[in-house]
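Chemist: Dumping the structure here so I can ask a few things about it.
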Amino acid sequence: MQYKRISIPFLLLAAALGALLLVLKTPLAGIFYHNPPAHSFVLLAFTATLFSIWFLAYQRFARDKDTPWFFLSTAFFIRGVFAFAHAVLVPAFGWGNEELFDISEHYGLFLAALLLWGLVLPFSDRLKDKIYQARTRIFLALNAVLLIGFAAPFVSPFLREALYSQANLFIGATGISFFLLLIFLLTRKEDNFFTSSFPGVLALLATATVVPFFYREWNLTWWYFHILELAALLLLLLLLLLLLLLLLRAAEGTKRQISEILFSSFSIRTRLFFIIGLTLIAIVVNGLIDFRLSRDHLQAQTLENLVLMADMQEGQVFNYLEKLKDRTVDFSSDGFINESLKKILSGDRQAVNDLSRHLLENKQPVDPAIFGIHIMDLNGKVVASSRGSEIGGEDMAMDEVFVQAKGSRIASAYLSDIVEEVHFGEKNIAILATAPIIDHDRLENIDSDDQQKRENMGVIMLFFKAQGLSDILRGRAQTQQGALSTWTNRSTMEMYLVNESKLMVSESRFIANAQFRQKVDTLPVRLCAKSEEMKGEYLDYRQIPVLGASMCFANGWTLLTEIDKDEVLGALGDYLQQNLLSASATVLLILILMYLFTISIITPLQELSAVAQKIGKGDFTARATLITRDEFGELSQVFNQMAENIQKGTADLEEKAKEEETSRLAIGNILGDLEVAKSQLEGEKAKDEAILASIGDAVMACDKDGRIMLFNGVAQALTGFSGKEVIGSHYRQIIHFIKESDGKPGNDFIAEAIKTGQGTKMANHTLLIAKDGKKIPVADSAAPIKDAKGNLVGCVVVFRDVTHERDVDRAKTEFVSLASHQLRTPLTSINWYIEMLQAGDAGVLNDKQKEFLTEIYQGSRRMVQLVNDLLNVSRLETGRLKIEPVPTDLADFLKGILKEMEPQTREKHCHLALELPEKEIAKLAVDTVLLRQVIINFLTNAIRYSSGDKAGVVTVSLIVSPEKYTIQVKDNGIGIPKDVQPRIFEKFFRADNARAIIADGNGLGLYLAKQIMESSGGTIGFSSSPARNASHSDAGGEGSGSTFYATIPLSGMKSKEGEKGIEI
């Protein structure tokens, strides 16, 4: 037995050291596993295990009054407090740092090692008794010392740095202490838990203290340290639980005895505060995890946004560079330049002056970014220039862009890197663009071999200021083009370019004159040298932590989009401070309430205990005097009733016993009859329940008074209420439906179904408030229940969760918005180039070319309108549309719109009339842009689909009633077929008779109009009579037209905050 007691700890020690050597001497030590959630889980496991050890050891001390158990519980309580602090001070949470993190990890184990020597220290019986009597005071004092000890490193940086720098010394001392205590316990003669079982735990802990001298953070050795210490603690916890089981077996354990062993040393007040303490710890841990997850989510979302912005800026940079190339190619094809260069090459000196003047007066002013132009021969000599002093220079002959253009045989342009150029009497940050000047006359008259050698006459070189790139990257270009806001409202956000030499070549937001002076040797720049783009956290050129994303160019440029990490996470800091303040106030309030609560429990218990003792001694006149309406008041009445019953004597008891026996027999007979009926009812109930269980939707049935009779399993799962909670209650007490738009109760469609006896549907965008307060989007209907005679007996309600459907629709809307935004940029470029072609910038067009360009331009404009409509739909459906009503004279407003529509009415030979009230009307608050869009849509449709067989007549009316204003547009057109009228306001819908007349159209106009009016508090509707004797697919026949109207309440359109207005 002695051999076994000694061998097991040393075997554990040898196994732990062997595993450490295996890790260190193999490639395992080089494996890194960076997983913060796993680390957090290990820390929580540490804390839970340590406090469990403390709890069990302290209970053993309270039961046996054995001092070693007190030191064991105290040592692991301190280690548990330090482990909890270690979990809280994870640097990633933001309020801890590496120094405090390491101090909380290693010094707790050191203090525990010192306290464990209390296991072998001799104590007199008197001292043991004093320790037992003062155990609560010692525990409170220990907590105060720990609180002061944790506060000291926070307050004193010197103490923090000293403890951190000497951590290895204390780690070594901890290991030596554990090993010496192990030897000391194994040499003792007595046989108990501390000499037989606990040494194995000490062997593992002693080995764990060796590991920190060899690990690196996050490598496998580092994980081995945590796992080894956790294994030691779990072993100790297992040993304590086995010891508890042995005690229970010896005492023939019951639930009551388990409770006595675990909780006998705690008063009710202590137990309550212990439960509250555990709850508060759980709240703190949950708050920390929530904070960390929020921070990670915010950082990830910011990085995704930065990547998107960098990608968009990359596209704008490419677009800018393409414009420079296009400008250069355009200049190289100038006929005057071509002819003048021929003359110069043939020796005409006057042609030099003429060409130089042409470059200065006619070409350079075309683009403000151009600050000079050279015309060079094939030897690199400047033969003409926008500045005469530059003529004759040959310093550009070896430039790469000149060599590229010189060797080219096609009309293409070449760009240099961004450079500092001193030309034309000034120093500029510039981009040089070159293109070959080709002798087109000779190309038509020479053979192919000679063509390859002699088709180029020279090279044109344009000097562009690179300021345009800085304007794009600083957001100025977007603002100049009419953007209302850019990313520049973020105080630390910056976008800039770095060249292949790691020099900043665009403007810096923080450093003046940084171009070609500021070195940028950051991680993304180094990765771009390997053609690797990145997103993440790193130090920028100011050595400040930033979140950034990079885009790499083929010419060696790196585009960086960055924002200071402190700005991104600043809002979380405010959130954390607010939460800490509210948590502190909550804890204080809970402690006060718990104190008052314990007083309210203990005082009545003490009084009831005194009354019970008197009754137990035979004083049946004793009565409890508590007069309360809670459980103590009921218990007081029970005590008083008990005393009165005892006084009545044995006779009354026997008489009551006989009466009870008679009653029992009668009840038995009744129950026998009921059992038969019950079995029959249960069979029918089982059938009904099987049918209800097979239904996938939530089903609730009410009687005609609204009391719930049936509530199936799906309804219970969706609402969170059990069948027992709701059966027999009125549905209004359980089921609450509200409108999603304003959170107010919606239309009571259940009451409507019961009242009218007709089926009803719940309103669109309805939310169900579940038991836990969660708001769930639902849909479906209510239908009456009638008996065989047709009498109403109740109502059945069927509803289902439409969260997934709403998510899919929201994702679709967001995709349409994103796609529309991405389409606008290329469409703008297309329109710009078409307008340039129409203006003759690329030469004179013949009539056929003009006709084709006109068709292309009209198609592009229709595409732009479709994109604008899709953007408007997205903003309306996602609630981002801004509504800004202003007082408006509706009469003048409508007259202005009709004035705009006159060209369309003349083209369609349509008559347009306006009917206004005779009395002058007051101004009404409306958003003129949105309302104009609605009226224009009505008028456009009315004019488009006016009758072709007779003159079209469109009448616009303004009608004022006591409740609202109505704007009505009436036409005598083709009308709308009856079978498609319910779909007329659907997205992308067009009737077949409308398609037959005009193929164009996207079906979004009326949908947008409806969304605008409903979003602003108004309504929209129509009436129509289609062509007689014609189906919806027949465009012929004569209809009586359609009347569309929009109503606005007297209070005007509702104002609404949003991101942007409507796109027109």
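Chemist: Given 0.36 nm per residue, what is the gain on full extension from L127 to F139 after removing their alpha carbon distance, in nm? Present the calculation step by step, with values, prior to reporting the outcome.
Modeler: Numbers: separation 12, 0.36 × 12 = 4.32 nm, distance 1.65 nm.
Fully extending the segment from L127 to F139 adds 2.7 nm.
Chemist: Shape call for the range 2-250 from the C-alpha gyration tensor, a ≥ b ≥ c root eigenvalues: rounded (a/c under 1.5), prolate (a/b greater than b/c) or oblate?
Modeler: Details: a/c = 1.83, a/b = 1.23, b/c = 1.49.
Oblate.
Chemist: Go through 882-888, 27-33 and give me the packing order, highest mean Cβ count within 10 Å leading. Working shown, then result.
Modeler: On the way: 882-888: 16.1, 27-33: 12.3.
The peptides rank, most packed first, as 882-888, 27-33.
Chemist: Grab the beta carbon distance between R63 and L180, set R0 = 41 Å, and tell me the FRET efficiency rounded to 0.05.
Modeler: Numbers: r = 30 Å, r/R0 = 0.72.
Once rounded, the FRET efficiency stands at 0.85.
Chemist: Roughly what would the spin-label model give for A529 and E322, points 7 Å off Cα along C-beta, in nm?
Modeler: Taking the simple label geometry, A529 and E322 are separated by 3.2 nm.
Chemist: Just the number, please: Stokes-Einstein D of the range 333-465 in µm²/s, Kirkwood Rh from C-alpha pairs, 37 °C, 0.692 mPa s.
Modeler: Numbers: Rh = 14.9 Å.
Roughly 220 µm²/s, to the nearest whole number.
Chemist: Could I ask something else about it? Which one of V145, Q59, G118 is farthest out on the positive end of the charge dipole of the range 45-156, using unit charges on Cβ (Lys, Arg +1; Asp, Glu -1) and the Cα centre as origin?
Modeler: It is Q59, whose Cα lies furthest towards the positive end.
Chemist: Suppose R0 equals 45 Å; then what is the FRET efficiency for E400 and L898 from their Cβ-Cβ distance, rounded to the nearest 0.05? Don't jump to the answer; show the numbers that get you there.
Modeler: Details: r = 63 Å, r/R0 = 1.40.
Step by step, r from the Cβ atoms, then E = 0.10.
Chemist: Between K755 and A612, what is the label-point separation in nm under the 7 Å Cα-to-beta-carbon projection?
Modeler: Computed distance between label sites A612 and K755 equals 5.7 nm.
Chemist: Efficiency by 1/(1 + (r/R0)^6): what FRET value for R517 and L24, r their Cβ-Cβ distance, R0 = 45 Å, to the nearest 0.05? Don't jump to the answer; show the numbers that get you there.
Modeler: On the way: r = 49 Å, r/R0 = 1.09.
Computed FRET efficiency for R517 and L24: 0.40.
Chemist: Using the crude model of +1 on Lys and Arg Cβ and -1 on Asp and Glu Cβ, and no other charge, please compute the dipole size for the range 695-801 relative to its Cα centre, in debye to 20.
Modeler: On the way: 14 positive and 12 negative charges, 26 e Å.
I would put it at about 120 debye.
Chemist: In terms of the Cα gyration tensor, with a ≥ b ≥ c the square roots of its eigenvalues, is the range 58-145 rounded because a/c is under 1.5, prolate because a/b exceeds b/c, or oblate? Walk me through the numbers before you get to the answer.
Modeler: Details: a/c = 3.21, a/b = 2.46, b/c = 1.30.
Note, shape of the range 58-145 comes out prolate.
Chemist: Would you calculate the separation in nanometres between label points at D566 and A14, each defined as 7 Å from the Cα along the Cα-to-beta-carbon direction?
Modeler: My value for the distance between the label points is 5.8 nm.
Chemist: Among the lysines in the range 2-250, how many pairs, 8 or more places apart or on different chains, have alpha carbons under 25 Å apart?
Modeler: The result is 5.
Chemist: What residues from the range 299-319 fall in the zone where the backbone N is under 13 Å from a label point 7 Å along the Cα-to-C-beta line of F553?
Modeler: Within reach of a label on F553, which here means backbone N under 13 Å from a point 7 Å along Cα→Cβ, the range 299-319 contributes 313-319.
Chemist: Another question, if that's okay. Pairs K325/K465; K363/K465; K465/K502: which exceed 19 Å Cα-Cα? If you can, show how the numbers build up before the last one.
Modeler: On the way: K325/K465 14 Å; K363/K465 15 Å; K465/K502 21 Å.
Going by Cα-Cα distance, K465/K502 fall outside the 19 Å limit.
Chemist: Continuing with this model, one more query. Which of rounded, prolate, oblate describes the range 695-801, given a ≥ b ≥ c as roots of the alpha-carbon gyration tensor eigenvalues and a/c under 1.5 marking rounded, otherwise prolate only if a/b is larger than b/c? Could the numbers behind the result be given before it?
Modeler: Numbers: a/c = 1.83, a/b = 1.31, b/c = 1.40.
Because a/c hits 1.5 or more and a/b fails to exceed b/c, the range 695-801 counts as oblate.
Chemist: Could you grab the relative contact order for the range 695-801? Cα pairs under 8 Å, six or more apart, rounded to a whole percent. Walk me through the numbers on the way to the answer.
Modeler: Numbers: 226 pairs, mean separation 29.9, N = 107.
For the range 695-801, the relative contact order is 28 percent.
Chemist: Is there a pair in K908/K970; K850/K908; K342/K381; K919/K1054; K724/K775 whose C-alpha atoms are over 20 Å apart, and which pairs would that be?
Modeler: Numbers: K908/K970 16 Å; K850/K908 25 Å; K342/K381 15 Å; K919/K1054 25 Å; K724/K775 22 Å.
In this structure, K850/K908; K919/K1054; K724/K775 lie more than 20 Å apart at Cα.
Throughout, read-outs are computed from the coordinates displayed, never taken from laboratory work. The model shown is predicted, which means the values in this text are computed figures rather than measured ones. Cβ sites come from the backbone with ideal geometry, for glycine too, and all protein chains shown count toward neighbours.
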